[in-house]
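To start, the structure under review is shown below, and the notes come after it.
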Amino acid sequence: MSNVSDSPEYNEIEISVLGPGIGESILIHVCGKWIVIDSFLDPVSSQPAPLQYLTNLNINVSQDVELVVITHWHDDHMRGMNSVVRECRAAKVIISSALSRREFISLLPRYGDVSGGLREIRDVLRQLEGDNRYLFGIIDRQLLSLTLNYDNMASSLKVFALSPVDAGILRSAQYFQSFDPKLGSGKRRLIPLSPNNSSVVLLITIGRHSILLGADLEESSDSDCGWSVVLSNSTVLSNPPNLASAFKVPHHGSENAHCGEVWQKILTTQPFAVISPYRRGRKALPSDTDLNRISSLTSNVFVTSQPVGGAARFTDRMVANFVKEATKGINAISSNWGQVRLRKKISSADDSWEYALFGSARQFFTTYN
Amino acid sequence: MIASVNTGQPGSDSSLPLRVNTKHSEGTLSIERKPKKSIYAQIGRRSIALHNNEESIPSKGTDQFNEISGNEYELLTKSPIVKLPSTRPVEKFEVRQKWLGYVEDIGEETFTAHLTTLKGEGNEYTAEIYLEQLDPEDRELLQLGSYFYWSIGYLEAPSRKHVSFIRLRRLPTWQRSELQAAEAETERLVKIFNEQR
């Protein structure tokens, strides 16, 4: 029986997607090296979940993490990221190129005190002052290349950014500029709205295996941005590596982030698709419709925790009555988080993955035909 | 300065002059007590909560504190609390549930908010709250990113009442010097990251 504390073997690829009710982090292992993508805090320990996981595996995070990727600045991907960057001190840090723009940087001293995601980015940038270990992610940039030696064989690990695209960076800059506070205006938290054009999508190749991590990139009504533009403009994808057999579904499985071409052109016929949930008010992702759409495309669909939590319940009757009267709906954000772990040998010729589910992670059983 | 203080029962317009020492040495101070609400002072355009134990910023070291730690905490506690003598019995408010919330979306009849529990059950919630729960003056202040407190409990004067009230935080406004400092920090960060590239 699988145990969450079992380390991957040296010659094994691991993809672990961690997620509570709101939040996401991904870890990739190969040949003793790790990549950390985004972060959230364990609700119980208040520690960054990816660091907690690696520590439980007795990984020396100060040496063995090669890459830390900040896909974008939203709270649900950023909590604890400053600690991750500080602890993983040998890692190169990848930040979306959209966040290198003056329009974004100007938000940091203005909103960093009251907006969690921006506070993390601000503190990361301050930490990286005088430290050249960061790189901006933009379409087709190679972020990492390593030679892998295992079992008397050699192979390679390559990590490419597939986004943001140029127009996405400009749209993001215009959006960031709209938050410039005016003299005399009240201080407040900055609330991000869709579409998210600044996300860093990653394509990772390890030997013959490819992994596509969709971050929160959405398909856009803007003809210059979104998944379709990535597919038509990426030179990495025009000279395609092998099709990806593992897919972190973008933007919590939302309809807005769905692009049929991705499934047709970049993924294998039965990819292992992993979704982390999200909830704002009554809107929960993925919805049943989203799950049915995704499961019509592959029979291997996993979620890191329950996508739709029940209505909040209060044992204090007075509190319950007032809440019922004051709200149209109220939901507890799940503090239980789960982990979807996929593993396979680097030398495997199979597109399939051995999966293990921990905590609140579930496989979605499907309408796949 | 001399201030006019309304110390009567809700709805009363009785008032008495009061000498107070605050950092706000200019402007008119008016104080209002609302039914089932805390007391506010209005100094110029600034509204200040005056009330007693209704206000509870989380203590350092607690999970709730960690959630809003750092400068955010400082910002939330910046609004000065002015203690004034009262001519009426002090109302005791026993909090059973209290959240710190922020507004994520505003609709026609509801607003969507993220709630972090400061006292009571649970940790974090996402809620759609009816706009009618807000005072008209708070509704005018409502915008994306606004912070508020939602308190539910017992009010002990003159008889025990169940109360629930939502009150928007009056966070400080942007001052010219703060915007200039923010701009200087922006210049510094932009320069550093352009040069390092």
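The values are calculated or read from the model by the stated rules, or taken from the named source; none is laboratory data. Bear in mind that the values here come from a model prediction, so they are computed numbers and not experimental data. Neighbour counts run over all protein chains shown; Cβ positions are idealised from the backbone, glycine included. Note: areas computed on protein heavy atoms with side chains; ligands, DNA, RNA excluded. Shrake-Rupley method; radii C 1.70, N 1.55, O 1.52, S 1.80 Å.
Averaging sequence separations of C-alpha pairs under 8 Å and six or more residues apart, then dividing by the length of chain A, give the relative contact order as a whole percent.
The normalised contact order for chain A reaches 16 percent.
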query: Roughly what % of DSSP beta bridges within chain A run antiparallel, to the nearest 5?
result: 65
query: Where does the longest stretch of chain A lie that holds no chymotrypsin sites (Phe, Trp or Tyr not before Pro) found in a DSSP loop with 16 or fewer other Cβ atoms within 10 Å?
result: A:11-364
field: A:N336 versus A:S7: modelled label distance in nm, points set 7 Å from Cα along the beta carbon direction
entry: 3.1
statement: Here, A:E255 and A:K182, labelled 7 Å along Cα→Cβ, have an inter-label distance in nm of 3.6
- request: Can you work out the PRE-style zone for A:S299? Point 7 Å along Cα to Cβ, and I want the residues of region A:263-277 with backbone N under 11 Å.
  value: A:270
statement: By the Cα gyration tensor axes a ≥ b ≥ c (a/c under 1.5 gives rounded; else a/b larger than b/c gives prolate, otherwise oblate), the shape of chain A is rounded
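What value in Å³ per residue do you get for the convex hull of the alpha-carbon atoms in region A:167-306?
Given the Cα convex hull of region A:167-306, per-residue volume reads 132 Å³.
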- prompt: Accessible area per residue, 1.4 Å probe, Å², for chain A: what's the number?
  reply: 38
field: Inter-probe distance in nm under a simple model that places probes 7 Å from Cα toward Cβ, at A:K328 and B:E183
entry: 4.1
task: Can you pull out the buried accessible area for chains B and A, both sides counted, probe 1.4 Å, rounded to the nearest 100 Å²?
output: 5400
- line: Candidate cut points under trypsin sites (Lys or Arg not before Pro) in region A:265-351, DSSP loop plus at most 12 other Cβ atoms within 10 Å of their own Cβ, are A:R313
query: Roughly how many whole Å is it from the C-alpha centroid of region B:94-129 to that of region A:200-238?
result: 36
- line: In whole percent, the fraction of accessible protein surface over chain A that belongs to carbon or sulfur atoms, probe radius 1.4 Å, stands at 46
query: For A:K345, what is the net charge nearby, where nearby means another residue's Cβ is under 12 Å from its Cβ and Lys, Arg count +1, Asp, Glu -1?
result: -3
query: R0 = 60 Å: FRET efficiency of B:E109 with A:T55, Cβ-based, nearest 0.05?
result: 0.80
statement: chain A, Gaussian network, Cα under 10 Å: of A:S145, A:S220, A:S45, the residue fluctuating most is A:S45
statement: With +1 at each Lys and Arg Cβ and -1 at each Asp and Glu Cβ, the charge dipole magnitude of region A:97-178 around its Cα centre, to the nearest 20 debye, comes out at 220
query: Count of lysine pairs in chain A with Cα atoms under 17 Å apart, counting only pairs 8 or more residues apart in sequence or on different chains?
result: 9
Separation between Cα centres of region A:32-56 and region A:162-196, rounded to whole Å: 28
Normalised contact order of region A:248-369, rounded percent, pairs of Cα under 8 Å and 6 or more residues apart: 28
- prompt: Using a Gaussian network for chain A with springs between C-alpha atoms less than 10 Å apart, which of these wobbles most: A:K33, A:K92, A:K182?
  reply: A:K182
query: For chain A, with only Lys/Arg (+1) and Asp/Glu (-1) charged at the beta-carbon, what is the dipole magnitude about the Cα centre, in debye rounded to 20?
result: 920
- request: For A:Q63, put the label point 7 Å out on the Cα→Cβ axis and report which residues of region A:1-37 keep their amide N under 19 Å from it.
  value: A:7-11, A:29-36
message: If the elastic network links every pair of Cα atoms under 10 Å, which of A:L148, A:L193, A:L285 fluctuates the most in the Gaussian network model of chain A?
response: A:L193
message: Under 8 Å for C-alpha pairs, at least 6 residues apart: give me the relative contact order for region A:174-264, rounded to a whole percent.
response: 27
